[in-house]
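Here is the structure we will look at.
Just so it is clear, none of the values below were taken in a lab; they were calculated from the coordinates. Every value quoted in this text rests on a predicted model; they were computed, and no experiment measured them. For neighbour counting, all protein chains shown are included, and Cβ atoms are generated from backbone atoms with ideal geometry for every residue, glycine included.
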Ligand code: NAI
């Protein structure tokens, strides 16, 4: 494939805009890669969002009809940043047209839809990528390398969580995320997908789970067309509608490695803001990371000297993967959207190399299999094995 990669983006909300900015930033942040994304066409069901995205982000064309993105002859990759209900239909059409696919997590509304999308991608033999962006934090990458080198000994237990405040206010609007039809799962898809992926990335496969879930806030103010956003809040007395999926999920998990863990996700937590975090404990050391402190890694690696026996806080720096693409020195921080730039770069690099993509749909399926076991366990009240959902 030529150095120029034709990009089409569907859904110009928070993620569609962030992805588009990230594609534009790839040649600036990774100039030696030779990758030159060409923003061919963007789509949103709301015409004003499509045209304003075209104007501000520099797309050649804009449309309200996502099929036009998939069919466009200059589009090599289709980026799916629309609500979950559209993931399967768009991915099916894009892979049929032979396009490479980026799909935002949770990849469909349910584990079954993730499995169907994985099947489409695998059978079409295209590159796929998924928005598990927290993997790309340079200090998470550093820890991953340390684990591979056995620096923390044998992992014994792991605690992963995503505590988000976006639904903590009972007046937070009833956006598409709270609807079974538009979103499918609640926090078990939206945030647990990130938690499960990080757990799998750092620890390997999960074999069994024991889960619990709950909806804390039953009704929310209805959104106003064209005005609602993910973080928008209504007013006392506004008409309300029912929340149709779970606010909270927790699970005990067993890893194939022999380690044990706890995974948790909440969108109604009061206090933490965006605490996508983990604590990993091994026989020779421990590590903690929290997205709210993206540029810090807490490490416990004792060397026998009781005089300084305790956790150390490391700051990210040029020795860590990707860091110097953004800032040159130790302790200079990067942010959320920089992780999205790394993600776009790795996606387009895989496309040009003809690789399957990582994290791609195979990784999304692995997370979905854990989520599927959590759904069954929360209903049965017992431990459930993690199944294979892979289609033939
Ligand atoms: P959003 O609500 O901000 O944007 C969705 C956009 O899709 C809206 O502009 C809407 O008008 C548009 N849309 C709806 N139907 C459409 C259609 N038929 N054709 C074209 N466009 C259509 O939602 P947000 O937050 O950007 O989420 C989108 C996806 O990204 C979801 O799957 C979500 O789970 C994922 N996400 C991932 C994040 C991450 O950290 N990786 C963070 C936020 C969202």
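Report the FRET efficiency, 1/(1 + (r/R0)^6), for residue 337 and residue 145, where r is their Cβ-Cβ distance and R0 is 25 Å, rounded to 0.05.
0.55
Which whole number of Å³ per residue matches the convex hull of the alpha-carbon atoms in the chain?
143 Å³
Relative contact order of the stretch 27-160: what whole-number percent is it, with Cα pairs under 8 angstrom and at least 6 residues apart?
15 percent
Would you look at the GNM of the chain, springs on alpha carbons closer than 10 Å, and say which of 127, 207, 56 moves the most?
In the Gaussian network model the winner is 56.
Can you tell me the order of 310-322, 149-161, 354-366 when each peptide is scored by its average per-residue count of other Cβ atoms within 10 angstrom, highest first?
So the peptides 310-322, 149-161, 354-366, ranked by packing, come out 354-366, 149-161, 310-322.
Each label point is 7 Å from the Cα along the Cα-to-Cβ direction; what then is the distance between the points at residue 171 and residue 46, in nm?
Placing both labels 7 Å along Cα→Cβ, they lie 2.1 nm apart.
Using the number of other C-beta atoms within 10 angstrom as an exposure proxy, rank 99, 340 with the fewest first.
If I rank by nearby Cβ atoms, fewest first, I get 340, 99.
Quick one: give the max-minus-min coordinate of the C-alpha atoms of the stretch 298-392 along each principal axis, largest first, in Å.
49, 45, 22
At 7 Å along Cα-to-Cβ for each site, give me the label-to-label distance between residue 180 and residue 159 in nm.
3.4 nm
Using just the helices of the chain, give the 222 nm mean residue ellipticity in deg cm²/dmol: DSSP H runs with n ≥ 4 each add -39,500 (n - 2.57), and the total is spread over all residues, rounded to 500.
Dividing the helical sum by the residues of the chain leaves -10000 deg cm²/dmol.
Quote the relative contact order of the stretch 222-378 in percent (integer), defining contacts as alpha-carbon pairs under 8 Å separated by 6+ residues.
In percent, rounded to a whole number, it is 9.
For 14, 176, 136, what ranking results if the residue with the fewest other Cβ atoms within 10 Å of its Cβ goes first?
Going from sparsest to densest Cβ surroundings: 14, 176, 136.
Given contacts defined as C-alpha pairs under 8 Å and at least six residues apart, what's the relative contact order of the chain, whole-number percent?
Rounded, it is 20 percent for the chain.
For the stretch 140-268, I need the span (max minus min coordinate) of the C-alpha atoms along each principal axis, in Å, sorted largest to smallest.
Sorted from largest, the Cα extents of the stretch 140-268 read 56, 29, 22 Å.
What is the fewest-to-most order of 42, 103 by other Cβ atoms lying within 10 Å of their Cβ?
Exposure proxy ranking, most exposed first: 103, 42.
Taking only Cα atoms and a 10 Å spring cutoff, compute GNM fluctuations for the chain and point out the largest among 238, 330, 247.
238
Taking only the alpha-carbon positions of the stretch 194-348 and ignoring solvent, what does the Debye formula give for the base-10 log of I(q)/I(0) at q = 0.10, 0.12 Å⁻¹?
At q = 0.10, 0.12 Å⁻¹ the computed log10 ratios are -0.57, -0.79.
What does the convex hull of the Cα atoms of the stretch 3-42 come to per residue, in Å³, rounded to a whole number?
With only Cα atoms used, the stretch 3-42 gives 46 Å³ per residue.
Could you tell me the ratio Rg/Rh of the stretch 125-186? Both radii from Cα atoms, Rh via Kirkwood.
When Rh is taken as the Kirkwood radius, the ratio is 1.13.
Taking the convex hull of the alpha carbon atoms in the stretch 14-68, what volume per residue do you get, in Å³?
It is 77 Å³ per residue.
How large is the direction-averaged shadow of the alpha-carbon convex hull of the stretch 297-343, in nm²?
Value for the stretch 297-343: 4.0 nm².
Over the chain, with a Gaussian network built from C-alpha contacts below 10 Å, which listed residue (272, 106, 328) shows the highest mean-square fluctuation?
Looking only at 272, 106, 328, the biggest GNM fluctuation is shown by 328.
Order these peptides, 184-191, 273-280, by their mean beta-carbon neighbour count within 10 angstrom, highest first.
184-191, 273-280
Out of the DSSP beta bridges found with both residues in the chain, what percent are antiparallel (nearest 5)?
Here the share of antiparallel DSSP bridges comes out near 60 percent.
Applying 1/(1 + (r/R0)^6) with R0 = 35 Å to the Cβ-Cβ distance of residue 313 and residue 36, what FRET efficiency is obtained, to the nearest 0.05?
0.35
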